[in-house]
1. Against the definition (closer than 23 Å to ASP86 by Cβ and charged (D, E, K, R)), how does ARG62 come out, yes or no?
2. Run SER66 past the list (1) open to solvent by 80 Å² or more (accessible area, probe 1.4 Å); (2) within 21 Å of GLY203 (Cα to Cα); (3) polar (S, T, N, Q) and report the number of the one that doesn't hold.
3. Being crowded, with 17+ Cβ neighbours inside 10 Å and under 16 Å from ALA11 (Cα atoms) is the filter here, so list the residues in the range 51-63 that pass it.
4. Only residues that are touching a residue at least 12 places away in the same chain (Cβ under 8 Å) and more than 14 Å from ALA36 (Cα to Cα): list them for the range 67-80, please.
5. Among the residues of the range 165-180, is any open to solvent by 40 Å² or more (accessible area, probe 1.4 Å) and at positive phi?
6. Cβ contacts < 8 Å: first residue open to solvent by 90 Å² or more (accessible area, probe 1.4 Å), restricted to the range 95-123; second residue modelled with pLDDT of 65 or more, any location; separation 6+ or different chain. Result?
7. Condition first: open to solvent by less than 80 Å² (accessible area, probe 1.4 Å), of a type outside the set (Val, Ile, Thr) and farther than 25 Å from ARG45 by Cβ. Now tell me which residues in the range 184-227 satisfy that.
8. Of ARG89, ARG135, ARG118, which residue is at pLDDT below 75, out of contact with any strand residue (DSSP E or B) (no Cβ under 9 Å at 6 or more places or on another chain) and either among the aromatic types (Phe, Trp, Tyr) or over 30 Å from LEU175 (Cα atoms) (or both)?
Amino acid sequence: MIRAHVAALLAYVDKLDPSRAPTTQEAALERLDAWADVLLDVAPRAPHPEGHDWDAAHVVRRHIASSPYPIKASDVSRPWYAFQADLIRRHAGTFEPELHPEIDPDAPPGREYFAAVRGSMRAVLSGEQAPVTLRAIGPASLAPETPEQARQREELVRRMKAGHRAGRDENARRLALVSQFPDLLAAMHRLPGQRMWKGSVGGNRRVAAIVAEAESRAANTLEEQHA
């Protein structure tokens, strides 16, 4: 969590349990500093493949409702690490081509492939991406292909290649767009796994937000030029 998230969470704590709220600004700031350190790697919210989504505010509410003891930062961090461990156990760790159209699925695994896999793992750990729980399973043997099956396979390959080209072109457009704004490009490169960002969004909400901001700025610039 960033410091603003922790401050909002502590405000919620004080709303539910006002009798234990700090009585001085100095005490409140000391508590905020301590909680921000402990919750640095804890996500405020995170998806779960079975719908048991993580929400730090829910953990706070449950603790205050069920425990006679004052809530501590570790009462939030411990459940998060248990939630995180559950996500990693469920994550198959397979490469999902549709999340990375910038990588040619027919190319042998290389630097970009392994960076994408590591980025996906980091996204699962940080709560930005739900785990991929299914592994690809292929048949042990294949029956002879019929002409109709061959036609369908060729059509599928054609569509996949067309989709790959469209995804590559869209990535190039987004990269060119964000590159127009050095501050947004720098913010993109600071995101986990995006140091060598090439235009892919891949379901990452923070990446999508930066791209949306670049699109908004570009639209405003265009309106000003035509005004």
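1. yes
2. Result: SER66 fails condition (2) only.
3. Listed by number, the residues that qualify are ALA56, VAL59, VAL60, HIS63.
4. Correct list: PRO70, ILE71, PRO79, TRP80.
5. No, the range 165-180 contains no residue that is open to solvent by 40 Å² or more (accessible area, probe 1.4 Å) and at positive phi.
6. That search, which allows pairs on different chains as well, returns ARG118/GLY193; ARG122/PRO192; ARG122/GLY193.
7. Residues satisfying the conditions are LEU185, ALA186, GLY199, ARG217, ALA218, ALA219, ASN220.
8. After ruling out the rest, the residue left standing is ARG135.
The values are calculated or read from the model by the stated rules, or taken from the named source; none is laboratory data. Note that the coordinates shown come from a computational prediction; the quantities given were computed from them, not determined experimentally. Every residue, glycine as well, gets a Cβ built from its backbone with ideal geometry; the counts of neighbours run over all protein chains shown. Just so you know, the surface numbers come from the protein's heavy atoms only, side chains and all, with ligands and any DNA or RNA stripped out. Shrake-Rupley method; radii C 1.70, N 1.55, O 1.52, S 1.80 Å.
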